[in-house]
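**Student:** Before I ask anything, here is the structure I am working with.
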Amino acid sequence: MEDEMLGRRSVRSPRTLAAPVPAMPFAAAAAALLMLTGCGGEPVDAATPAPEGSAGFGRDRAALVLTAFDQADSAASVAGDIETLRTQEVPPSLDLSVAAVRRAAYNQQAQPSFQHINPAFAVPPGDPACFLVTATLKLAGSELAPTDVSQFVLGTDGQWKLSHNVQVTQPALVAARSIDGRPATEGGTALDETSRRALAAEVFARSIGSTTGNRSLIASSPLLDGQFAGGWEVYGQQLAGVGAEVRRTLDRAEWSDCAVTTPTGTLTFLTVHATDTLRPAPGGPATVRMVPQSPDLIATGHRTAVSGKSIRVNRVETFLLLVPEQTTGTSVLGLNDTALTVTAG
């Protein structure tokens, strides 16, 4: 199906240069958004004693984690070293970083090195298993200086790794920076279960240009309703032009371990796992086909075309949300998306 497969996009984390915001049809429009993946540094030993006089982990040690991460993950991103990225990141961030490495290799371009500057932290009290950070990204060879928000989690191996990361839009900078010095909560329980279910359902629906009927839950967003849902619409139109159709379904939704309450709401990550199913349209050809240039084939490491009576694309999408106390009017501050697998049926 020519070149389509929704993919790339994003606004992504600091790290590997990836690509724009929703769908392949939006590559040109979103190119300015620079998607990165891969951030890292030498693992910081969580068992290292805290500085004398400090209570628990704290922002000083979080800064050490970030600095070490930048050194290691930046080098791995530039080199396209997926195995080293695996020592610095976990999904969903790792999924996006691996896809970005594959895109860079396909385009025969190295990703730029990066460094986080002027970071602001939100760290749970005591000895946390996660923390949040927002910072400006300094990208080698670029005048762009995007701002991103990340979550780091403490692994069972005692090492800190990047788990979530998105670049935020310009209007969201104040909200992102407002986390500075505020205590984060952990355990993924900052929002009640009813709110989590409703928000996840509406975010997913809006990402494909629909709604659950509770549209007021999510504030109108050029990023979500324009680029992302708009890209999905264009994608469907392009597929229709070659006698095919696509349906996206929500598989599951997950919330980040850490969240932080700011003056304007709770800042937290939502991860959506979804499946795209491509099939011939009524009266169309007997099979559907994705060419090697399809963004989702590139992201998943395919070198040849894929065809079949149907094609399934499993993908992961990450959204940074700012949820007001009453939930209604939640803002989407940034988002990412990538394909994980492509299989023919």
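The values are calculated or read from the model by the stated rules, or taken from the named source; none is laboratory data. Computed from a predicted structure; not experimentally measured. Ideal geometry is used to build each Cβ from the backbone, glycine not excepted, and the neighbour counts take in all protein chains shown. Surface areas here come from the heavy atoms of the whole protein model, side chains and all, with no ligands, DNA or RNA. Shrake-Rupley method; radii C 1.70, N 1.55, O 1.52, S 1.80 Å.
**Student:** Going by the structure shown, is Ser294 of a type outside the set (A, V, I, L, M, F, W, C) and more than 21 Å from Arg103 (Cβ to Cβ)?
**Tutor:** no
**Student:** Could you list, in sequence order, all residues of region 215-230 that are of a type in the set (S, T, N, Q) and open to solvent by 30 Å² or more (accessible area, probe 1.4 Å)? Steps first, answer last, please.
**Tutor:** Of region 215-230, the ones of a type in the set (S, T, N, Q) are 216, 220-221, 227.
Correct list: Ser216, Ser220, Gln227.
**Student:** OK, next. The conditions are (1) over 20 Å from Tyr106 (Cβ atoms); (2) open to solvent by 20 Å² or more (accessible area, probe 1.4 Å); (3) assigned to a strand (DSSP E or B), and Thr341 fails exactly one of them. Which is it?
**Tutor:** If we test Thr341 against (1) over 20 Å from Tyr106 (Cβ atoms); (2) open to solvent by 20 Å² or more (accessible area, probe 1.4 Å); (3) assigned to a strand (DSSP E or B), just (1) comes out false.
**Student:** Of all residues in region 64-95, which are under 19 Å from Asp257 (Cα atoms) and either in contact with a Gly (Cβ under 9 Å, 6 or more places away or on another chain) or not charged (D, E, K, R) (or both)?
**Tutor:** If the condition is that a residue be under 19 Å from Asp257 (Cα atoms) and either in contact with a Gly (Cβ under 9 Å, 6 or more places away or on another chain) or not charged (D, E, K, R) (or both), then Val65, Leu66, Gln88, Glu89, Val90, Pro91, Pro92, Ser93, Leu94 are the ones that fit.
**Student:** Tell me, please, whether a residue that is among the hydroxyl-bearing types (Ser, Thr, Tyr) and within 25 Å of Gly209 (Cα to Cα) can be found in region 278-289.
**Tutor:** Residues of region 278-289 among the hydroxyl-bearing types (Ser, Thr, Tyr): 287.
Narrowing further to those that are within 25 Å of Gly209 (Cα to Cα): none.
No, there is no match, as no residue in region 278-289 is among the hydroxyl-bearing types (Ser, Thr, Tyr) and within 25 Å of Gly209 (Cα to Cα).
**Student:** If Val260 satisfies every condition in (1) open to solvent by 20 Å² or more (accessible area, probe 1.4 Å); (2) within 30 Å of Arg196 (Cβ to Cβ) but one, which is the exception?
**Tutor:** (1)
**Student:** Okay, next question. Within region 315-333, can you find the residues that are assigned to a strand (DSSP E or B) and open to solvent by 20 Å² or more (accessible area, probe 1.4 Å)?
**Tutor:** Initially, region 315-333 is screened for residues assigned to a strand (DSSP E or B), giving 315-323, 330-333.
Answer for region 315-333, where residues must be assigned to a strand (DSSP E or B) and open to solvent by 20 Å² or more (accessible area, probe 1.4 Å): just Ser331.
**Student:** Can you tell me which residues in region 85-111 are part of a loop (DSSP other than H, G, I, E, B), within 15 Å of His164 (Cα to Cα) and either open to solvent by 20 Å² or more (accessible area, probe 1.4 Å) or among the polar types (S, T, N, Q) (or both)?
**Tutor:** Residues satisfying the conditions are Val90, Pro91.
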